[in-house]
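So the structure is just underneath, and the comments pick up after that.
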């Protein structure tokens, strides 16, 4: 009967619609990430979804809204994240080691070292939802940018002044340890155009697999570098975490500070690499807390799940590992190659990376595992793992740290003393705090689901027998509804395709035009009184890029800086 045939077709389409599942993100690694406009943005790297796709590249820029609460210690639901399509020409990377994201207060600058021209950068304006492509100018000299085969970089952005820094990089693998390393610090000026600048000072040691962190100390800010791997092929060890390397931006001088544990060595983290760090500053600016989580020891080998805090200016380590690891990575697993971003001074968001069984050093987990989700939230008031992100939480220095530092923590100094008299003056100053500018991102909540696909409910109706009239009517109605939604989905994709074509029709991503440097970049001016209100996105060992050495020869070996 024609009517029965039509009914069968309708019910089949309805069933097909109901089997469409939402895509929840259950693992990500190698991504670039930053916080701009009260959103956490990430892109590049490799993604695993709970629909079976594993370690694939995604042609989207993902974001999380930090003005609303969202679950932690769970897969990232497609109702939690939003996506924006990447413009054509952006590499669809699944190498997990290729993406670096720098940022200002209004924009993201993404660099993919695997591109044919590694100076190519894609810039996303958060407030206008516009993409542009640019070839960064190079004040260092032609022919030195060859970071397509490099990795293991440390980078940090200072959004308030539009300057980013990176250091380290190595062409050697962890296994062979036979490549070149570069002990240079470079900066990217994002004011107007893009321009790389070589800083004619070597880092005290090659910074490989460590962290580079910005704090509001000194006249123009300070960069801290600690941990990481010794790249000397004759040694196979990680750097002592009491060795803190300090770069004063105003004087462009590197210093060495020796830190100590509050009680004893149990308060000092074991040597490690590939961990992440975040910064919290006391409301009265008296102290600055640098929180680190996880990491990896190439000596043991083992991944870590512990939490430590370096309090500044005393340079005192505190072991703040939560007793309850249920909302972390558990008691028997560690995490490495991840990133930390401060949703506020009171909450450190741990994003991505790989987890490993502590008892089985070679058992890396990069798939879907509810015990090791892609996002964790650490409360830096209590140092407890949380089950959700709270956008209204404010920061107070934990009582253990404030009580132990005494009545005047701002005047504290390292127990071993300052290695240089200039350091006392540097750490007695603070760059003034300035709130982030008001910025409304152009993205609307629920712009798309993962990969731009629409999300569908996974709920199903109970099966019914065709001989029941009510069931048939219900099936027809439900089928027609499903068919209507299928039609809506088809219309959505057609409309989205037209919209995307129109969106990028006006954004001329011409490499040839970009390579001609048809824009003018203002001359570089070293940052002076920086506004410290903007939190830099901590770009850790999960972000990678090839260093550009300055006009000094390539590095062969740099020895440890000796403190006094």
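Given R0 = 35 Å, the distance between the Cβ atoms of residue 263 and residue 371 translates into a calculated FRET efficiency of 0.65.
Per-residue Cβ neighbour counts within 10 Å put 400, 335 in the sequence 400, 335, beginning with the fewest. Between residue 253 and residue 51, the FRET efficiency estimated from the beta carbon spacing at R0 = 60 angstrom works out to 0.70.
Multiply the residue gap between residue 331 and residue 433 by 0.36 nm, knock off their C-alpha separation, and tell me the result in nm, one decimal place.
32.9 nm
Using a simple spin-label model with pseudo-atoms 7 Å out from Cα toward Cβ, residue 382 and residue 69 lie 1.3 nm apart. Annotation: the residues 219, 23, sorted from fewest to most other C-beta atoms within 10 Å of their own C-beta, follow the order 219, 23.
Based on other C-beta atoms within 10 Å, arrange 88, 274, 60 from fewest to most.
Taking fewest neighbouring Cβ atoms as first place, the list is 88, 60, 274.
Once the chain from residue 403 to residue 416 is taken as fully extended at 0.36 nm per residue, the excess over their C-alpha distance is 2.6 nm.
Cα centroids of segment 299-313 and segment 371-429: 14 Å apart. Distance from the C-alpha centroid of segment 244-295 to that of segment 27-60: 28 Å, rounded to the whole angstrom.
On a full-extension model of 0.36 nm per residue, what is the gain between residue 127 and residue 390, subtracting their alpha-carbon distance, rounded to one decimal in nm? Don't skip to the end; give the middle numbers.
Values: separation 263, 0.36 × 263 = 94.68 nm, distance 2.38 nm.
Result: 92.3 nm gained on full extension.
We did not get these values from a lab; they are worked out from the coordinates using the rules stated. Here the structure is a predicted model, which is why all the values come from computation and not from measurement. Neighbour counts are summed over all protein chains in view; Cβ atoms, including those assigned to glycine, are modelled from backbone coordinates with ideal geometry.
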